[in-house]
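Inspection log for the structure reproduced underneath, given as structure tokens.
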Amino acid sequence: MAHAPTREEAWTLLQKYAQDQNLIRHCLAVEAVMRHFAQLLEETDVEKWGVIGLAHDVDYELYPEEHCQRAPEILRKHGWPQDYIRAVVSHGWGICSDVEPVEQMEKVLYTIDQLTGLIVATALVRPSKSILDLKPRSVKRKWKEKSFAAGVDRELIEKGAEMLGWELDFVIAETIKGMQTVAEEIGLKGNV
């Protein structure tokens, strides 16, 4: 029987399927940003947003070629409800999934997933190596350098922001704020 998974259950599941520290840090960053946006939007179930963010890449390490294809069976096996599974799969829309993000939560996950990667890369090239003193304008400067964090699909992020009806600057600023709440856990406390 499907039940709303707790944060602890999502964390245990992630650790079972992911060993790579960078992937785990990425999932922690996405979780924090999802919680941040849920609070910002005054969503009633902040926990749900966080849990989905934490588990969104559950199949990535073991099945990189089948990312978002294997997640449903993994999550179903652990009793996750369909709306959680759908949200997880929708973050790969147009890349490795044909499930389009329609709910606000799905659109946010889709938009910020890759953006967190660009923000991490930007923080790491700064003298402080910290997200705590990172300004949105630094990310915007790096955004324009296509060779910088070249794996980050900037068009996808723009498309997500558009789907949400938000300015890109707002998305970047709020994503940084969300990530700052877990600076230490994601290795970006640096030396501010």
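Observations
- Unique match (being touching a His at 6+ places or on another chain (Cβ under 8 Å), of a type in the set (D, E, K, R) and more than 26 Å from Asp20 (Cβ to Cβ)) among Glu158, Glu162, Glu174, Glu167: Glu174
- Checking Val89 against (1) surrounded by fewer than 21 Cβ atoms within 10 Å (Cβ to Cβ); (2) more than 30 Å from Lys189 (Cα to Cα), the condition it does not meet: (1)
- Given (1) of a type in the set (A, V, I, L, M, F, W, C); (2) crowded, with 18+ Cβ neighbours inside 10 Å; (3) within 11 Å of the chain's Cα centre (by Cα), number of the condition Leu23 does not satisfy: (2)
- Candidates Thr12, Thr111, Thr6, Thr44, filtered to the one that is among the β-branched types (Val, Ile, Thr), modelled with pLDDT of 95 or more and in contact with a Gly (Cβ under 7 Å, 6 or more places away or on another chain): Thr111
- Within the stretch 1-71, helices (runs of 4 or more DSSP H) holding 1 or more residues that are in contact (Cβ under 8 Å) with a residue 60 or more places away in the chain and over 25 Å from Ile95 (Cα atoms): 7-17, 21-40
- Pairs are defined by a Cβ separation below 8 Å, a sequence spacing of at least 6 or placement on different chains, a first member in the stretch 142-158 that is under 16 Å from Asp169 (Cα atoms), and a second member that is crowded, with 17+ Cβ neighbours inside 10 Å and acidic (Asp, Glu); no pair meets this definition.
- As for the stretch 56-78, it holds no residue that is among the aromatic types (Phe, Trp, Tyr), farther than 12 Å from Leu13 by Cβ, at pLDDT 95 or above and under 12 Å from the mean Cα position of the chain (by Cα).
- Test: residue in the stretch 89-103 that is assigned to a helix (DSSP H, G or I), over 14 Å from Met179 (Cα atoms), in contact with a strand residue (DSSP E or B) (Cβ under 7 Å, 6 or more places away or on another chain) and not aliphatic (A, V, I, L, M): yes
The values are calculated or read from the model by the stated rules, or taken from the named source; none is laboratory data. Predicted model, so just to flag it, every value in this text is computed and none were measured. Neighbour counts are summed over all protein chains in view; Cβ atoms, including those assigned to glycine, are modelled from backbone coordinates with ideal geometry.
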